[in-house]
Each structure stands twice: as C-alpha cells, then as structure tokens.
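Presented below is the structure to which this report refers.
Every number in this text was worked out from the coordinates using simple rules, so none of it is lab data. Treat the numbers as computed from the prediction; the structure is a model and nothing was measured. Every residue, glycine as well, gets a Cβ built from its backbone with ideal geometry; the counts of neighbours run over all protein chains shown.
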Number of protein chains: 2
Amino acid sequence: MTKAPTVYDVAHHAGVSIATVSRVLSRPDDVKPATRERVLGSVAALGYVPSGAARGLAARRTGVIGLFFQGLDAMDDLGDIALEGDEASAGGARIIRDVPERADTRVLNLYFDEVLRGCELESWRSGFSLLVGVGRGDTATQTVRDMAGRVDGLMVLAGSASEEELAQLSRHVPIVVMAGPRRGDELDHVSVSNAEGMRALTAHLIDDLGARDLEYVSGSVDSPDDAERWDGFVMAHVERELSTPATPTLRGDFTRDGGRRVGRELMQRERLPRAVVCANDQMALGVIDAARIAGVTVPDELIVTGFDGIDAGRLSTPRLTTVRQPMETLGRVSVQALARRLAEPKLPAMSVRLPVEVLLRESSEPSSTS
Amino acid sequence: MTKAPTVYDVAHHAGVSIATVSRVLSRPDDVKPATRERVLGSVAALGYVPSGAARGLAARRTGVIGLFFQGLDAMDDLGDIALEGDEASAGGARIIRDVPERADTRVLNLYFDEVLRGCELESWRSGFSLLVGVGRGDTATQTVRDMAGRVDGLMVLAGSASEEELAQLSRHVPIVVMAGPRRGDELDHVSVSNAEGMRALTAHLIDDLGARDLEYVSGSVDSPDDAERWDGFVMAHVERELSTPATPTLRGDFTRDGGRRVGRELMQRERLPRAVVCANDQMALGVIDAARIAGVTVPDELIVTGFDGIDAGRLSTPRLTTVRQPMETLGRVSVQALARRLAEPKLPAMSVRLPVEVLLRESSEPSSTS
DNA sequence: CGAAGCAATGTATGCGCTTACACTCGCAAG
DNA sequence: CTTGCGAGTGTAAGCGCATACATTGCTTCG
C-alpha cells in the first residue's frame, strides 16, 4: 500500500525507456531476449502491477466485458449484516433440526446463476475479464451507463434496461441482448426458443397424454419470456383447434410462493384441470407443494409442468417435467457473440436462437416410467 | 459506435469548461443550478458516457472491486460452442424422456455461485461494481495481477493464489482472503467455522446417535477447508478418547462422482461403518447414490453426512444432514470488510469468522423425525 | 567501402478525465 | 469608495500507459 511503482520506475530500474517496458509486457517478441529478461527482473523486483486504468485509456480498450441485469426483488429488503469488531469474532456452530417445513428464506435466482457461470467460463476462455453489474430501481440507469463507460462490450439481460437506453449506449460499445425477443434494432441478440419449447410441451400433453383442459400459470405480464411461452401454449391449442382464453387466467410472480398461492386457489375448485402448465419451474414447484398439501397426487390427478430446467426441479419429488433452457450456453454464446462483434465491428447485427429441450419427468408421465 | 463524445464536447456544447462538466457529474452541489441543468441537458443531448478508464486514471480509484477465484476443473475440457451464422439460427425444441439415470453432465459449482451472489448483492449496496475473474493454471497469476491493476480492492478465495503473490499484490490494493484459515499475514480474512461445525456434527453422531465407527471422506489434500473439517472430526474423537487414523483414509475429489466411487468401495466391505462423514455435500450425495444402488438404506444401515448446505442436499431423498455454511453471507461480509478497509486503510488487519449451522436431516436421523 | 535495410530502442504525444489553484464577480463590511 | 470574501467557474497540470515516429547501430549487398 505504499506508492505503487509505475512504468517509469521499472524503466529506470532496468535502465531502459518506458516504451521498452511497455513492449515487454504487451509484445515480448519485439524485444531482444536479454533486455526482456532484465525488464522482467525489474518488474518482479519492484512488484510492478500495470494500471488497468492507464492502460485502458491509452489503448482505448480495456479487456473487460460487462454483464448487466436487473436485480432480484429480494434485494430491496435486505438487512444489514453486522461486521464484527476488529478482533476475531467467535464463529461457532449451532445445531438445528431442519424439518422439511422450515421456511426457505434464501433468495434463489438459479436461472441467473447459470447464465452468469456461462459468461464467466467463456470470458475466461476468450481472455476477457467480466464486470458484473446489477441494476435496481432508479440507480439502474446510472449503473448501466457507468458500466458502458468502462467495458469493451456489454451484455444486457432483456428487460434490464429500456430500449432507448440501449440504443444510446450502443453508440459507445457493442451490446448483446440476452434472452429477449429480437426487436427491430441493430443490436445483437441471443435468445432461447421459448415459444417452440412451450408449444412442443403443450403438444405432448395434448397429443400423447390426452389432456384437454390445461391451465397456464403466468409469471409476470411484463416478461417477454413469459409472453413467448404463452404464445407457444396458445399455438399448440390453435393448431389442434382447441380454444384458450385470450390471456392467461392464473397469475403467479415467478416465485415458489406465488406458485403455492395459485396452487391453493386451484385446489379449491370443484373440478381440477388435467394439467397445469407453469411459466417457470419455481411456480410449478409451488403448485406441486399446494397439491401435496391438498392431498392431490401428481401426476395422476394433476399434471404439473415447469419451464427453465433448474436443479430444484430435477431433485424434487416427483421430478418436474420442464423445458430446459440452455442457460449456461446462453451465457457462453453471448460472450462469443460479443467477442466476434469486437473483432469485426461492421458485421450485420446477428440473432442467435438457441434450441431447448423438453424434459419429460414424473410430474407429467404415467407412473410406469417411474 | 461513432467517435464517442468526451467532456470537451459536452463542455463546448454547454458553453462551459470541462472542469464544470466534471463537477456536475461528481459533485453537483458545487455548481449553480442553472449551469448544472444546462450541462445535464448537453450530456443527454450528446449521449455522453464518461470514460471509466480516464476517470479511474485521474481519480486514482475506479469504484470497482474484484473477486478472484480458482476455476473449475471442468473448465479444462470445455468444448467450443458453435456460434451460428449471421442469419437467425433455427432454434427449436427437442423432446427427451429424462429418466433419473441420465448422466448429469452439467458442471455444478453451487458453492461458489452463492458466494458470488452475496458479493454481487453487497457490491451493489455499497456502490461498487464487481469484477469477477477466474484463474486457471498458469494464466492464474497473470489474471490476478491484471485484476489487481484495475480494482480498488480484491477479494480472493483461499487457495486461488499463493501467499507470496497475495503479499505482493496487497502492496497495491487491499486484499480480503475468503474462506481461508487466518495466516500470520496482514491481510484481512473472512472465514467460516469449518472445524467447529464438523466437530459439532461429529459429536452429535457419537453422543446422540451412538455411532462409534465413523469414516471420513476427504475431498482434496490441498484444500485448507478440508483440512479444517478433518481437524474438527478428529477433535470430536479426541475429546471422547476415541481414536482416528492420522489422516483421512477415504479420498474423493469433492464431486458427486467421486463420492459414488468412494461409496462403491465402501459397499464392498464386509462390515459397514455406522456413519460416513463427508467433507462436502456433493460427495455425500454420491455416497448415498452408491448406497441406494447397493440396497443399503440410509440412515438405518448407514448414516451419511455432508458439509456446505447446498440446495441439492435439501432436495434429495433422504434429505442430507449437513453443516450449512453461510456462503452468501461470506460474500457479503467480504465486500463489507473490503469497503471498510478502503474507507479506513490503516485499520489493523481484521479476521471475521462466521458461524455455521449443523442441519440435522433424514440422512442421519432416526425415522421418527421423518 | 558506402548505401540501404532492418532490428532494437528511445522520444514524445495524447488518451479523457480529476483537481489544485487562479481568477472573476457581486456583495457585505469597513 | 475601497477591501475582503465566498461562490462560481476557468486554467492547466498531471494520472500511467500505448504507440507513431525518430534514432541508433548493425548487417548485407552492390
């Protein structure tokens, strides 16, 4: 934490000019081996660490790409965590009998975790560092602009920023929109076959399992993902000349609790639908919770399906039939798209649509499979 | 993507000097309201985005903190993902009958996901951006130095970088070591009560459940976490004047597959131990897999316990008894520690030790609880 | 033996901002 | 009518690096 050495210090120590130091660090082959070794020796001796800011400023690129997304709702009511005093705090272990009913207070955002992991992975492979930013409420605009000012390229999860905002920012840095519908813009898009997946799943329920009365549980009116899934649901019906309401009748909020609530409402009906098709896995798990409490067996009395393919659905009982999104792949491909755009800025805008997998599991399948 | 406007452009457009523009953006109150509005108008009109690099260089702080960790093993053999052509690729949906036995090829690193989430959360709350970097093999040193050069502070997951490396880097930026044992260094540490937790769990198995012969499954010789957990295991034995081997006899590799392998070996013994205490959850789940295949019931014939408290253990059947680490809290507290260090650089090195929770669930408890 | 060419290194400029300091007012106090 | 002062703004000096261009010292070839 003393004053950090700079190129000048290293140059002086090694008896060369700063240009040579810079070259040793960026294009070592342009320097005579003897000098190179000497410079590297000085670097090590002084503990020199190049300033990313100065480097970025001079070179006009930073080697950092950004990932911006909307924060979790739960972030709002997040308490402070006391940072203990200067001395080591006690630590310790508490024993808890963890019965299944204990409320799960943890904030889960499994969807995004996987996307993030894909981004990390691919950033590493491509030699970029990854700057992760979450926006929340009114600071969101500020945050995303700030990020745009310090990265070479930006990936934005659909819905995290307004289109105008993105359009403006895209004049500074290339932007890849993730998991959103392709708009009439010039941005690069990487998305997922939401409609296709939901359509295929719905078709399976109708054609193969003979279900006729299906209910759709939506997560949020604003979510473009949800809208596309609903479209797929409707499409499968229309193709078979079956009718659906104009808009989803059951509304959750993408959370397990929301699913439970919707499930409870459903269980009070005098007649259950054959299948409940949920816009995501968490809500589906919630519906299954409600069914279990009401003594309704899944899938015999009620088929429940989800969307996303999170781990929790693979580990639940019964395991959840779902449409698995390639979330990690989404992250990876987005980074690749960005890398490509950076390499060739004048390519026309591209739009990649990733295929999904409909995973048939016990929450929908006849028990023979189990 | 045209040439980006700079302070000069904004200043000219608003008819002020660049200093005023800068002030409007950093300390708005120092500027007369009328001028401020005019400048903000120009900013909006030009779509000005300040350069993070220039800002960081001039101000000597960037508002970015870094999180560095060792990459996943699976990163090595990671195939390429084809980025489709310029036109929209087909997308689509494939239907798959997902029987339970299907291999789980996904790379899980649930542990780190939660720490990362905690860091994100708290960074956002503290007004920092988070730069995430993974190191892998020989590029690790390069990566971490690079990060050190562009952040105000750095959090390093224990074991991701050598102590000398950290000592050197800490002369440039404050460093917080996460989840590692406190060394005799001047770095700030945030860690978790590994030994305490394992000791409490082991004591419970011995005292309350009457287990006498316990086996410990270690994950890696190099892991300081593992070493501490082993210490706790031994401690509980020593306190009761029971003996243990000098070093763990069963070795997994922290993966579920590794746990399965160890489990298979165990199942071939003529006499099973009463309990298998695993150094993490994934291995414990693998051991349970092996037990199920061998027809051994958990917990009646064999008690299995894990460590970490990942979701998969909460959702498994039977649910896994484990020691839950406050991983998200670990991330959050680390950010706080760093923020505090940045605010008051000359504070003495601090060491925070977070408490853990021993979660008793059905993989260890008599079935009456179930 | 001299000119040309090349490899290796040095010199000097500027990237876009922050900030110490200088400066200009307008106004209250002397 | 000065002087002093503070609010508001401008001037200018870097921050630490990359890089275009200049320079140097060799080698090579005519």
Through the Karplus equation 6.51 cos²θ - 1.76 cosθ + 1.60, θ set to phi - 60°, convert the phi angles of region A:139-152 into ³J(HN,Hα) values in whole Hz; use x for Gly and Pro.
7, 4, 4, 4, 4, 5, 5, 4, 5, 4, x, 10, 10, 8
What is the set of long-range amide H partners of residue B:129 at a cut-off below 5 Å, with H atoms built 1.01 Å from backbone N?
B:64, B:65
Given R₀ = 56 Å, what would the calculated FRET efficiency be for residue B:97 paired with residue A:163, taking r from the Cβ atoms and rounding to 0.05?
0.90
Evaluate the charge dipole of chain A about its Cα centre and quote only its size in Debye, nearest 20, assuming +1 on the Cβ of each Lys and Arg and -1 on the Cβ of each Asp and Glu.
1380 debye
Take the Cα of residue A:292, step 7 Å along the line toward its Cβ, and report every residue of region A:239-262 whose backbone nitrogen sits under 15 Å from that point.
A:256-257, A:259-261
Non-local amide H neighbours of residue A:319 (under 5 Å, H modeled in plane, Pro and chain starts lacking H): which ones?
A:362, A:363
Tell me the angle of helix A:281-294 to the major Cα principal axis of chain A, expressed in degrees between 0 and 90 and rounded to the nearest ten.
40 degrees
Which lysines, on any chain, are close to residue B:3 with Cα under 23 Å apart, when same-chain ones fewer than 8 places away are left out?
A:346
Could you state the angle between the C-alpha long axis of helix B:33-46 and the longest principal axis of the C-alpha atoms of chain B, as a value from 0 to 90 degrees rounded to the nearest 10?
70 degrees
Amide hydrogen neighbours beyond the local backbone of residue B:357, cut-off 5 Å, H modeled:
A:94, B:324
Residues in region B:260-288, backbone N under 15 Å from the label point at residue B:301 (7 Å along the Cα-to-beta-carbon vector): list them, ranges by number please.
B:263-276, B:287-288
R0 of 60 Å, Cβ-Cβ distance residue B:60-residue A:183: FRET efficiency to nearest 0.05
0.90
Scoring region B:271-311 by relative contact order with C-alpha pairs under 8 Å, at least six apart, yields a percentage of 57 percent
Nearest 500 deg cm²/dmol is fine: what mean residue ellipticity at 222 nm does chain A get from its DSSP H runs of n ≥ 4 alone, each adding -39,500 (n - 2.57), divided by its residue count?
-12000 deg cm²/dmol
Gaussian network model of chain A, Cα within-10 Å springs - most flexible of A:308, A:213, A:138:
A:138
Span from the region B:49-63 Cα centroid across to the region B:237-302 one, whole angstrom
53 Å
Compute the long axis of helix A:194-203 from its Cα atoms, compare it with the longest principal axis of the Cα atoms of chain A, and write down the angle in degrees, 0 to 90, nearest 10.
30 degrees
Kindly give the distances from residue B:246 to its copy-mates, label point to label point, with each label point 7 Å from Cα along Cα→Cβ, as nm values to one decimal ordered shortest first.
8.1
List, shortest first and in nm to one decimal, how far the label point of residue B:167 (7 Å from Cα along Cα→Cβ) is from its counterparts in the other copies.
5.8
Gained length - residue B:212 relative to residue B:343, 0.36 nm times residue gap less alpha-carbon distance:
42.0 nm
Suppose R0 equals 41 Å; then what is the FRET efficiency for residue A:222 and residue B:221 from their Cβ-Cβ distance, rounded to the nearest 0.05?
0.20
Using a label point 7 angstrom from Cα along Cα-to-C-beta, what distances in nm, from shortest up, separate residue A:60 from the other copies?
2.9
Among B:277, A:132, A:178, whose Cα sits farthest toward the positive end of the charge dipole of the protein assembly as shown (+1 at Cβ of Lys/Arg, -1 at Cβ of Asp/Glu, about the Cα centre)?
A:132
